[in-house]
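Scroll down for the structure; my scribbles are underneath it.
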Amino acid sequence: MSNRPTNRWFPMALIALLLLTSAWAADPDDKLRADAQTAMRKAAEYYRNKVALRGGYVYYYSPDLKLRYGEGIATPTQIWVQPPGTPTVGLAYLAAYRATGDKFYLDAAREAGEALIYGQLKSGGWQNCIDFDPKGRVNLYRNGKGGGQNNSTLDDNISQSAIRFMARLDEALEFNDATVHESATIALEALLKAQFANGAFPQIWTGPVPKVEIKKTSYPDYDSRTEGKVKDYWNMYTLNDGLAGTVSETLLAADAVYKDSRYRTAFAKLGDFLVLAQMPDPQPAWAQQYSRDMQPIWARRFEPAAITGGESQDALETLMKIYRTTGDKKYLEPIPRALAYLKASLLPDGRLARYYELKTNRPLYMTRRGDEYSLTYDDSMLPDHYGWKVTSRLSAIEAEYQSLSSTGKSQQRERKLSELRPDAQKVIDGLDAESRWVSTYSGEPLYGQPKFKTGDRYLHSGVFSANIETLSAFIAATK
């Protein structure tokens, strides 16, 4: 029998060392990725199985799902196309499918596509709302159901978001679903035919647009405060509500999915229009909409012929996007003049006015009595249904322009894993016991202007989609 002491602690220490070494060798994101996958699946199951209506969605829901809101209260048979409605949620499902390969998300996206296909118009695009009740708020659907208007719209990113989603769904289904493929290609063909020869798009189309003479923009020779109202402004050249940016994204997505040069050509033509539409001095920026003579015109009663802070920023961002894709410096040429003008036009609070009076450059506002609107220079009594001032993005625009013009490279980059990690953890922690992300209203402006009171709790399709996108990006980055 040996006289050596027994080292009973040695096997235990060895096991502990091996476990510690294994922990050091393991990917520190393994647990967070597993948690992200679990949270995302639970949230998506809730939204797909309990919130969706025939695969479609509206903007907001009361926590008990008894109240549904789009542009106002939605009926039990309505879904919304306008973001953050059905296409927004559908694109989030596709992001989850790409990140995980889980067919559950592809099936959920396919259901959203079916809902959009039901409400696609004869003219190829969409209106903001789809009603599954033939006696409800219906338009002239391709499926033969419904009736009434056939106005495909580019207002508020409506047809654009639906087309992007349908094209990406077609791609995810490997172009094997004939119904989805038909819907996407019909919509894209209609969009191409809605582009004017000068590269512009209307707000609404019902069929191919007429041929037009290509002109540069100019100031009207009448009093634009009282004249120049066009009854059918929606058929004219439109930049309202970021149309240039959202249409350009749609054409880029179509080019990426279908590898058809017509989409890249239409994308560049849109840039040609933005060059043409830049106003001369003393206001070298852009208007919301233009006549066929390329002069700023009125739209709705509270949308005067004017230079606009929001659309001008969107035009600058779109021109840089087109340069990044084409490499043609003619799309950068308008930017320095516009930047200098807009920076000089900033309001004392650092924002831009939505409207600047033609030639005088005085910020324009409106007062309202009943249904009557009156122009004013006074911003003390503004109607609250409309954004009369917009956040300045000029610093970021100028930095991107300087980078592109000096190096030819963009400052834009994908989010780093170090940035995604805390965002993913926050999203996971925010999921409640019922697998929901519940928002609390604090007075912030919301699409559709729901009649929420401070402290009201609600489900938000935009929040759901953004959180799914965040978790998907984190999961994809840690593969």
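The values are calculated or read from the model by the stated rules, or taken from the named source; none is laboratory data. Model, not experiment: these values are computed from the prediction. Don't worry about glycine lacking a Cβ; one is built from the backbone with ideal geometry, like all the others, and counts go over all protein chains shown. The accessibility values were calculated without ligands, DNA or RNA, using every heavy atom of the protein model including side chains. Shrake-Rupley method; radii C 1.70, N 1.55, O 1.52, S 1.80 Å.
In table form, for the structure just shown:
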quantity	calculated
Cβ crowding within 10 Å averaged over residues, with 272-279, 253-260, 311-318, 450-457 ranked highest first	311-318, 272-279, 253-260, 450-457
Hits among aspartates and glutamates - C-alpha to C-alpha of K31 under 18 Å, sequence gap 8 or more where chains match	E419, D423, D429
Residue-averaged [θ]222 nm for the chain, counting only DSSP H segments that reach four residues, each worth -39500 (n - 2.57)	-14000 deg cm²/dmol
Filter on K269/K416; K42/K453; K42/K135; K359/K409 - keep pairs with C-alpha separation over 32 Å	K269/K416; K42/K135; K359/K409
Whole-percent carbon and sulfur share, accessible surface of segment 44-112, 1.4 Å	54
Anchor K426: aspartates and glutamates whose Cα lies under 12 Å away (excluding residues fewer than 8 positions away in-chain)	D35
Neighbourhood net charge (13 Å Cβ-Cβ; Lys/Arg +1, Asp/Glu -1) for T367	-2
Rounded percent of accessible protein surface that carbon and sulfur make up, segment 401-479, 1.4 Å probe	48
Three-way shape call for segment 364-467 based on the alpha-carbon gyration tensor, with the a/c threshold at 1.5	oblate
Debye, to nearest 20: dipole size of the chain, +1 on Lys, Arg Cβ, -1 on Asp, Glu Cβ	540
Point-charge dipole on Cβ atoms (K/R +1, D/E -1) for segment 71-134, about Cα centre, debye to 20	240
Shape parameters for the chain, alpha-carbon atoms, Rg then Dmax in Å	25.9, 115
Highest to lowest packing among 290-301, 76-87, scored as the average C-beta count within 10 Å	76-87, 290-301
Selection from G327, N361, T376, by position along the positive dipole direction of segment 267-415 (Cβ)	G327
Of K259/K479; K50/K451; K231/K329; K215/K343, those spanning more than 32 Å from alpha-carbon to alpha-carbon	K231/K329
Ordering of 329-342, 423-436 by packing [mean C-beta count within 10 Å, highest first]	329-342, 423-436
Segment 27-159 - Rg over Rh from alpha carbon coordinates, Kirkwood radius	1.04
Among L339, P284, N49 the positive-end extreme of the charge dipole of the chain (Cβ point charges)	N49
Cβ-based net charge around A254, under 12 Å, with every Lys or Arg adding one and every Asp or Glu removing one	-1
Prolate/oblate/rounded label for segment 302-456 (Cα gyration tensor, a/c 1.5)	oblate
Cα coordinate range in segment 134-217, projected on the principal axes (Å, largest first)	43, 36, 21
Shape of segment 161-304, Cα gyration tensor, a/c cut at 1.5	prolate
For segment 417-461 versus segment 61-100, the gap between their alpha-carbon centres in whole angstrom	14
Mean accessible surface per residue for the chain, computed with a 1.4 Å probe while every protein chain stays in place, in Å²	47
